[in-house]
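See structure below.
The values are calculated or read from the model by the stated rules, or taken from the named source; none is laboratory data. Quick caveat, the model's predicted, so the values are computed rather than measured. Reconstructed Cβ throughout: ideal geometry from the backbone, glycine too, with neighbour counts over all protein chains shown.
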Amino acid sequence: MGKAGLDESVIIKRAAELANEAGIEKVTLKLLAEDLQVKSPSLYNYVSGLDDLREKIMLYGWKQMEEKIIRSVIGVAGYDAVRAACHAFYKYATENPGIFNAMLWYNKFQDKNSMEATERLFDILFQIMAPLHISHENCNHLIRTFRGFLEGYALLVNHGAFGNPISIQESFELSLNVLIDGMKLLEGK
């Protein structure tokens with residue numbers, strides 16, 4: 001019998017915290033068990049192995065990011081909602097680098113859960129863009145463009161890869177403004 005109060009949500013939350021503290025690649029079942037003060041085999045009541053644990057961290061991250069983005073767009077519309085969603089994505093990704101790295105694993109896990117996790121987020125983005133009168137095809141292209149920008153930018157920030165002394169936040173804002181100005185050219189198309 002495991003430690004009192006131990007369940008899957010407690011395990012995944014703590015594993016996600018460890019991923020942020022040490023990096024997703026350093027999170028092992030042994031480390032997690034030691035941290036939770038349980039024996040490693042007891043974790044197998046909740047996860048089938050390390051890949052399963054990482055997939056659960058990934059799903060945890062997508063769910064949290066979805067909630068942050070939904071909260072960020074309440075009461076705003078149009079381009080202000082696009083901007084708010086981008087800020088929420090960036091903030092979550094840079095404040096949770098270990099979880100974010102796990103989230104980028106989702107292409108490895110092409111199962112129903114991982115597809116649903118990302119599809120919900122994309123549905124939100126389509127809803128945000130609907131009033132902008134941009135074709136569905138162009139919205140798909142824009143979501144891919146914003147995803148590439150946000151994921152790439154967050155990864156560079158998380159790895160300390162920007163060496164230039166100018167403000168990273170100012171660069172982010174400038175880039176976001178350029179992307180939004182480009183979106184405006186697609187209205188009605």
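Key figures
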{"read-out": "Candidates LEU186, LEU155, LEU174, filtered to the one that is in contact with a Cys (Cβ under 9 Å, 6 or more places away or on another chain), at pLDDT 95 or above and among the aliphatic types (A, V, I, L, M)", "value": "LEU186"}
{"read-out": "Elements of type helices (runs of 4 or more DSSP H) in segment 1-111, at least 2 residues being touching a residue at least 60 places away in the same chain (Cβ under 8 Å)", "value": "8-22, 78-95, 97-103"}
{"read-out": "Meets criteria (of a type in the set (Gly, Ala, Ser), over 14 Å from the mean Cα position of the chain (by Cα) and more than 29 Å from ALA15 (Cβ to Cβ)) for ALA130", "value": "yes"}
{"read-out": "Single unsatisfied condition, MET115 versus (1) exposed (fewer than 13 other Cβ atoms within 10 Å of the Cβ); (2) aliphatic (A, V, I, L, M); (3) more than 30 Å from ILE12 (Cβ to Cβ)", "value": "(3)"}
